[in-house]
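Chemist: This is the structure, below, for whatever I ask next.
The values are calculated or read from the model by the stated rules, or taken from the named source; none is laboratory data. Remember, predicted model here, so these are calculated numbers, not experimental data. With ideal geometry, Cβ positions are generated from the backbone for all residues, glycine too; neighbour counts draw on all protein chains shown.
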Amino acid sequence: MHLKSEENFCRKSNRVQKILMAKNGNFCFRKEKKIQMENNQLRQFAEQIFNEQEKKIAQEKRRNYFKEIGRKGGLKKKTSNQFTKVISTRLTQKEFDEASQQAKRYNIKFSKFTRLKITDGELRINEFKEHETLLEYGNNFIRIKNMFRRSEFSQLDHTKVILREVEIVTKLIYDYLYNKMNARTEAEFQEDE
């Protein structure tokens, strides 16, 4: 009887400790092992939650950092000219429509169009008109060349001479436009540096 009461005491004990049973020399490890396993599982679970929370906090800080940078306009380059001043203006619907149509015609964004209009206006915009007309001329010359290659026009005497001249003109137009584009991109690249 005395032995059973001690075993019950070991099983019902809330403390984690070794209890030596006096009469038969057995140790009460079962309860201790269960409690240790539960403690290890709880500790691992708590550590896992803590690590996940740290990761979430780090991601949130990173996200907020980049949000803040985005509000400020992004990271500034050391030597580049940044657009730092903001101008707000009000336009009527008709004025806005006209300006946006002109920007579409020159194939530039509305903000860039207004900036060009404010700074030095017509000089740069006329460049776009010149390029547009040259492209139209080049396309028309290509159409003429294709027409002369057809069988109806190939019977003419000067067809080869005309085709050669048209090819020279189109090559000159496209070379000029590509050189202008490359010069502009190099100038913008140097401004960024």
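Chemist: Go through segment 72-100 and give me each residue that's modelled with pLDDT of 70 or more and assigned to a helix (DSSP H, G or I).
Modeler: Residues satisfying the conditions are Gln93, Lys94, Glu95, Phe96, Asp97, Glu98, Ala99, Ser100.
Chemist: Counting only residues that are more than 23 Å from Glu136 (Cβ to Cβ), surrounded by 10 or more Cβ atoms within 10 Å (Cβ to Cβ) and of a type in the set (S, T, N, Q), how many does segment 88-119 have?
Modeler: 2
Chemist: Looking at segment 134-170, which of its residues are aromatic (Phe, Trp, Tyr) and in a loop (DSSP other than H, G, I, E, B)?
Modeler: Answer for segment 134-170, where residues must be aromatic (Phe, Trp, Tyr) and in a loop (DSSP other than H, G, I, E, B): just Phe153.
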